[in-house]
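The values are calculated or read from the model by the stated rules, or taken from the named source; none is laboratory data. Bear in mind the structure is a predicted one, so any value in this text is a computation, not a measurement. Neighbour counts are summed over all protein chains in view; Cβ atoms, including those assigned to glycine, are modelled from backbone coordinates with ideal geometry.
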Ligand code: NAD
């Protein structure tokens, strides 16, 4: 396994999918999985699977495939999933509540340790058993707890100021759900999530299939 290899971003984005499928295979009692089966379950072709996994693993056994336990562990190591990452979530609204309530993130090493909001009616309440704190305390608490990941689920107009506070407190990775392009220093990684972008590909697909739309264009 190579810990410090630089791998292409699309590969990096597929590795967690393989990890999830491998965990499911292991839970189903399987010991080995072939690249074609892993590809079928992940939605990628087997040549792609082999190419991706070659970046981090050379343990496939001809005729048997990948040993699930070892490959799962190797992927978890590579992706840093064995290290629990403490995160602060800012924006205890509908999306924030959904993220804070999803227990599946724990399997990916994510531990939301603090939740912040600016609404006086929410501050002092709880979100999935975590106290909701005033966003005014974000910098201080994030710094004191050594929090390195921030999750932003505030309205777009508030997101940059929240990101700035996170960065000033030492946050190095931001999972941003607000529809805005955040400006951050080079050493901070922002991952933007946009469900609408995925929806657009489905809408486009349906439009392409629709003979009436096509005839009019
Ligand atoms: P919401 O109104 O339910 O929640 C927003 C929360 O942020 C509220 O609790 C509000 O009090 C709090 N807030 C506002 N300003 C703040 C500030 N300066 N500091 C701290 N807290 C502050 O909204 P929602 O539906 O949960 O959406 C939240 C964000 O996520 C929005 O930006 C929305 O556009 C975005 N969103 C993105 C996706 C996606 O696909 N990425 C999907 C849904 C929503």
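Taking the stated definitions as given, is residue 174 part of a strand (DSSP E or B) and within 11 Å of the ligand (Cβ to nearest atom)? No, not satisfied.
Among the residues of the range 144-157, what is the count of those that are in a helix (DSSP H, G or I) and either closer than 21 Å to residue 98 by Cβ or within 14 Å of the ligand (Cβ to nearest atom) (or both)? Step through it out loud before you land on a result.
Here is the first cut: in the range 144-157, the ones in a helix (DSSP H, G or I) are 144-145, 156-157.
Within this subset, residues satisfying the condition of being either closer than 21 Å to residue 98 by Cβ or within 14 Å of the ligand (Cβ to nearest atom) (or both) are 156-157.
Matching residues across the range 144-157 total 2.
Only one of the listed residues (63, 124) is more than 22 Å from the chain's Cα centre (by Cα), more than 16 Å from the ligand (Cβ to nearest atom) and without any contact (Cβ under 8 Å) to a residue 12 or more places away in the chain. That residue is 63.
Filtered by the rule that a residue be under 16 Å from residue 192 (Cβ atoms) and more than 8 Å from the ligand (Cβ to nearest atom), the range 158-171 gives 160, 163, 166, 167, 171. Candidates are the residues of the range 17-31 that are closer than 17 Å to residue 106 by Cα and in contact with a strand residue (DSSP E or B) (Cβ under 9 Å, 6 or more places away or on another chain); the one that is surrounded by the fewest Cβ atoms within 10 Å (Cβ to Cβ) is 21.
Here is a yes/no grid of residues against (1) under 19 Å from the mean Cα position of the chain (by Cα); (2) under 18 Å from residue 177 (Cα atoms):
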{"position": "89", "(1), (2)": "yes, yes"}
{"position": "100", "(1), (2)": "yes, yes"}
{"position": "111", "(1), (2)": "yes, yes"}
{"position": "118", "(1), (2)": "no, yes"}
{"position": "129", "(1), (2)": "no, no"}
{"position": "132", "(1), (2)": "no, no"}
{"position": "136", "(1), (2)": "no, no"}
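Do we find that residue 141 is more than 9 Å from the ligand (Cβ to nearest atom) and in a helix (DSSP H, G or I) in this structure? Here the answer is yes, as residue 141 does meet what is asked. Residue 133 meets the conditions (1) within 12 Å of the ligand (Cβ to nearest atom); (2) surrounded by 15 or more Cβ atoms within 10 Å (Cβ to Cβ); (3) within 30 Å of residue 78 (Cα to Cα) in every case but one. The failed one is (3).
Collect the residues in the range 83-115 that are surrounded by 14 or more Cβ atoms within 10 Å (Cβ to Cβ), on the phi < 0 side of the Ramachandran plot and near the ligand (Cβ under 6 Å from one of its atoms), keeping them in residue-number order. Give the derivation first.
Taking the range 83-115 first, the residues surrounded by 14 or more Cβ atoms within 10 Å (Cβ to Cβ) are 85-93, 95-97, 99-100, 105, 108-110, 112-115.
If we keep only those that are on the phi < 0 side of the Ramachandran plot as well, we get 85-90, 92-93, 95-97, 99-100, 105, 108, 110, 112-115.
If the condition is that a residue be surrounded by 14 or more Cβ atoms within 10 Å (Cβ to Cβ), on the phi < 0 side of the Ramachandran plot and near the ligand (Cβ under 6 Å from one of its atoms), then 90, 92, 93, 95, 96 are the ones that fit.
Residue check: residue 199 meets all listed conditions (1) within 16 Å of the ligand (Cβ to nearest atom); (2) at pLDDT 95 or above but one, namely (2).
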